[in-house]
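Have a look at the structure below before the remarks.
The values are calculated or read from the model by the stated rules, or taken from the named source; none is laboratory data. Predicted model only: the values in this text are computed from it and were never measured. Here the Cβ is made from the backbone with ideal geometry for all residues, glycine too, and neighbour counts use every protein chain on show. Just so you know, the surface numbers come from the protein's heavy atoms only, side chains and all, with ligands and any DNA or RNA stripped out. Shrake-Rupley method; radii C 1.70, N 1.55, O 1.52, S 1.80 Å.
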Amino acid sequence: MWLLNFAHQHKLLLVWRLHTPASVSAVRSQVASYHFSAALLCPEDRRFNPAARRRLSVQHKPVEGRERTAQSKAFKNETFQKWNQRRGDDCRVSSELRKLCLEDFPADKETQRRQKSALASKAEESEIVFGVAPCLLALTQGRRKAWKLFVKEGEASRRASVIKVCEEAHHRGVQVHRVGKRDLDKMSSGAVHQGLCLQASPLRYLTEDSAHKGNNSSLPLWLVLERIQDPMNLGAILRSAYFLGVDRVVSSLRHSCPLSPVVSKASSGVMEVIGVYGYENLGDMLKMKAAQGWQVVGTVGTETEVPVTKCSDFQMTKPTLLLMGGEGEGLSQELLPLCQTLLTIPAGRDLFPGIESLNVSVAAGILLHSLLHSRRLPDDENQRYLLHHRHKRN
């Protein structure tokens, strides 16, 4: 059937030669005639070299095995060179077209660059706040700049607490997105998010320049934290300090954990409300406050060689700084000499070795409650306090 593909003028010639196998030379002659006829029938076929066609039209003798192999290799090499040349021309044209497109629209290129830069800077300057209380207080307190609120799909989005957060976000122009639990788990790094995540700007430690000049009470109590590295402990301390009525929380900036979303979640959102002040050098601040008449009170364990006072025997009679050291080591040797009084929490039983102390967040809650409960006003301040409240009643 393949003989039907040839032109009519060559059909009879090939049929006659195929049906008369006189000798091997005749077969070779018909193969040469086939190549010759195919080259003529497909003059535009790129697989055939024009030079080879000319050579075949002149030379009708059959090509021996080695010569035919050499000619085939030369033919293939020449064909691939031409193909690569055409491909290179196409690539050069494509690159020139791309260059022209960029040169014709420089404004669009600059806009895209600015948009990518803005998205990258937003991603670097934002963090994910998670949990119902942290997200709600982050929106209502206005200390952060919020961009997007992510809500878990399903029944969780119909809870009253979640709906309230969504309403606050919508009221403040924050975008609300419904996502799956897997996305929320990834945003919160596997923490308990309660079906809510908020993309917002981070919170930083406050400085003395942003501090209020006045105090909330005549006998203020400041909680000074040194090298608290566990965010869960810091969050629990902030929650107790806010609940018990501490006037200010101060922390060392070096070797202390940042005000992260984990701290906010551990504090049940208190970190969004209460300001935490950071100091590079706590020693200078303590010396300045002591010169102003403040008393500096440190905390130590029961097993110590220096004189200590039970927290239940201490009475707060003037502005006080309560110092709490970090996990494990407690107060540093730089701050201990600056303490005028050292307090301790007595144990209610004989303790086994290795568990003679309390967690720093638990100890802070006990000491704060003891000091604030013992807070007494001097006689002149007490008289003014009583007269003020009598006047309000009348």
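Quick look at the values:
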{"read-out": "Selection count, the range 223-246, where residues are open to solvent by 10 Å² or more (accessible area, probe 1.4 Å) and assigned to a loop (DSSP other than H, G, I, E, B)", "value": "6"}
{"read-out": "Condition check for ASP313: over 20 Å from LEU372 (Cβ atoms) and free of Cβ contacts under 8 Å to residues at least 12 places away in the same chain", "value": "no"}
{"read-out": "Those residues of the range 247-261 which are closer than 30 Å to LEU184 by Cα and crowded, with 21+ Cβ neighbours inside 10 Å, in sequence order", "value": "LEU259, PRO261"}
{"read-out": "Residue within the range 331-338 that is in the same structural domain as ILE228 (by the TED database), without any contact (Cβ under 8 Å) to a residue 12 or more places away in the chain and more than 20 Å from VAL249 (Cβ to Cβ) present", "value": "yes"}
{"read-out": "Any hit, the range 292-305, residues being of a type outside the set (S, T, N, Q), out of contact with any Ser or Thr (no Cβ under 7 Å at 6 or more places or on another chain) and farther than 30 Å from ARG349 by Cβ", "value": "yes"}
{"read-out": "Test: residue in the range 270-278 that is open to solvent by 40 Å² or more (accessible area, probe 1.4 Å), out of contact with any strand residue (DSSP E or B) (no Cβ under 8 Å at 6 or more places or on another chain) and under 28 Å from LYS145 (Cβ atoms)", "value": "yes"}
{"read-out": "Verdict on SER374 being modelled with pLDDT under 95, open to solvent by less than 30 Å² (accessible area, probe 1.4 Å) and over 40 Å from the mean Cα position of the chain (by Cα)", "value": "yes"}
{"read-out": "Any hit, the range 144-151, residues being closer than 18 Å to SER264 by Cβ, in contact (Cβ under 8 Å) with a residue 60 or more places away in the chain and open to solvent by 50 Å² or more (accessible area, probe 1.4 Å)", "value": "no"}
{"read-out": "Test set (1) of a type in the set (Gly, Ala, Ser); (2) within 20 Å of LEU136 (Cα to Cα); (3) surrounded by 21 or more Cβ atoms within 10 Å (Cβ to Cβ) - GLY173 fails condition number", "value": "(3)"}
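One line per residue, one yes/no per condition, for (1) part of a loop (DSSP other than H, G, I, E, B); (2) loosely packed, with under 14 Cβ neighbours inside 10 Å; (3) touching a helix residue (DSSP H, G or I) at 6+ places or on another chain (Cβ under 9 Å):
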{"position": "MET285", "(1), (2), (3)": "no, no, yes"}
{"position": "MET288", "(1), (2), (3)": "no, yes, no"}
{"position": "GLY293", "(1), (2), (3)": "yes, yes, no"}
{"position": "GLY298", "(1), (2), (3)": "no, no, yes"}
{"position": "THR304", "(1), (2), (3)": "yes, yes, no"}
{"position": "PRO307", "(1), (2), (3)": "yes, yes, no"}
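To keep it simple, each residue is scored yes or no on (1) modelled with pLDDT under 95; (2) part of a helix (DSSP H, G or I).
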site: ALA156; (1), (2): yes, yes
site: LYS164; (1), (2): no, yes
site: GLU168; (1), (2): no, yes
site: HIS177; (1), (2): no, no
site: PRO202; (1), (2): no, no
